[in-house]
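First the structure, in the form of structure tokens, and then the observations on it.
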Amino acid sequence: MFLAIAMLVSIPSICFADASKGDVIVTLGENLTQQQKNDMLAELRAPENVQMITVTNQEEHEYLGEFVPKAQIGNKAISSASITIDAKDSGLKVQTNNITWVTEEMYKNALMTAGVKDATIKITAPFAVSGTAALTGIMKAYETTTNKEIPEEVKKAANEEMVKTAQLGDSIGADKAAALMGKVKDEIAKNDPKTEADIREIIQQAATELGISLTNEELNKLVDFFNKLKGMDIDWNQVKNQVSDTAEKVSNFLHSDEGQSFLQKLQDFLNRTIEVIRTNLTNG
């Protein structure tokens, strides 16, 4: 049972002029019972006087309606989250509980696209939910805390990225999907592709390096998405500055059992190819 629930929030009129290390804000689903709200606050270890934002189901549909079926979004806002501002250049940390479809790396990738940085984010729900609607509320809560506006088109793009990554994960695996999206963004940030063909080449090369086979449909959808993303008001310098996070993620994948298996298969293939060439040269 996938409920696309979480944090599409209305920004309160009161905002902090500057975010300081340790500042916390919490988002709570409008349809939580009072007991569930208490449980969420306890699980998130929210300070006694923490600022809270209420999330509505209407807001969930507003930002996710283009990318997720209405039935999956559902008619209740349940999920909750907290954002804690961390020290400058400390990076993003994401933790989830009872989130079944969207992984921590998927949230992190999408939040990097939106320009969110230097924060610890916890996302939870009183029971298992897909987590698709969580992203927008997190971004708006971040805006409230830092008083930095994220362009509307970038918010929608970040939501779209999260959904596309989760869908791709159904086909190739969640870890591979997140690694691919992160690596492609890193390459775009570093190389500034000028044409759609350049973006296609970046995606194909990244997939090859990660041992990922994409269908033509998957490849075309990614090309369309990243081509659109390239034309938006994305802080690509900030994306570039977070290359180390993605490099670590890719390194972890390559050193995992799955990654090592891929590298061994690649090595075996190269060895066989060299042997065939050597044999042909000898016979010739």
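Return, for the Cα atoms of region 70-134, the radius of gyration and Dmax in Å, separated by a comma.
Answer for region 70-134, Rg first and Dmax second: 12.4, 40 Å.
What translational diffusion coefficient, in µm²/s and rounded to a whole number, does the Stokes-Einstein relation yield for region 79-210 at 20 °C and a viscosity of 1.002 mPa s, taking the hydrodynamic radius as the Kirkwood radius over Cα pairs? Write down the numbers at each step before the final one.
Details: Rh = 15.4 Å.
D = 139 µm²/s.
May I ask you to derive the relative contact order of region 177-235, considering only C-alpha pairs under 8 Å and at least 6 residues apart, and to give it as an integer percent?
This gives 34 percent for region 177-235.
Given the Cα-Cα distance of Asn237 and Thr120 and 0.36 nm per residue of separation, how much length would full extension add, in nm? Working shown, then result.
On the way: separation 117, 0.36 × 117 = 42.12 nm, distance 2.12 nm.
Going from the current span to full extension adds 40.0 nm.
Please compute the length gained on full extension between Phe127 and Glu201, using 0.36 nm multiplied by the number of residues separating them and subtracting their Cα-Cα distance.
Fully extending the segment from Phe127 to Glu201 adds 22.5 nm.
List the lysines whose Cα lies under 25 Å from the Cα of Lys194, skipping any in the same chain that are fewer than 8 positions away.
Straight-line reach from Lys194, under 25 Å: Lys155, Lys156, Lys164, Lys183, Lys185, Lys221, Lys228, Lys230, Lys240.
Based on the Kirkwood radius over alpha-carbon pairs, what value in µm²/s does the Stokes-Einstein equation return for the translational diffusion coefficient of region 35-104 at 37 °C and 0.692 mPa s?
Here the translational diffusion coefficient equals 226 µm²/s.
Please give me, ordered by residue number, the GluC sites (Glu not before Pro) of region 52-146 that lie in loop per DSSP and have at most 15 other Cβ atoms within 10 Å. Intermediate values should be presented prior to the final figure.
On the way: sites: Glu59, Glu60, Glu62, Glu66, Glu104, Glu105, Glu143; in loops: Glu66.
Passing both the DSSP loop test and the Cβ count: Glu66.
Measuring from centroid to centroid over Cα atoms, what is the spacing of region 38-91 and region 107-147 in Å?
Spelled out, the Cα-based centre of one part sits 7 Å from the other.
For labels at Glu153 and Asp224 in the simple 7 Å Cα→Cβ model, what's the distance in nm?
The modelled label-to-label distance comes out at 1.8 nm.
Quick one: in region 37-157, what % of C-alpha pairs are over 18 Å apart? Don't skip to the answer; put the middle values down first.
On the way: 3675 of 7260 pairs.
Cα-Cα pairs of region 37-157 separated by over 18 Å account for 51 percent.
Could you tell me the relative contact order of region 15-133? Use alpha-carbon pairs under 8 Å, at least six residues apart, and round to a whole percent.
Over region 15-133, the number comes to 31 percent.
Starting from region 106-212, pick out the chymotrypsin sites (Phe, Trp or Tyr not before Pro) whose DSSP state is loop and whose Cβ has at most 16 other Cβ atoms within 10 Å.
Listed in order of number, the matching sites are Phe127.
Read the figures in this text as sums done on the coordinates, not as results from a lab. As the structure is a prediction and not an experimental result, all values here were calculated from the model. We place every Cβ from the backbone using ideal geometry, glycine too, and count neighbours over all the protein chains shown.
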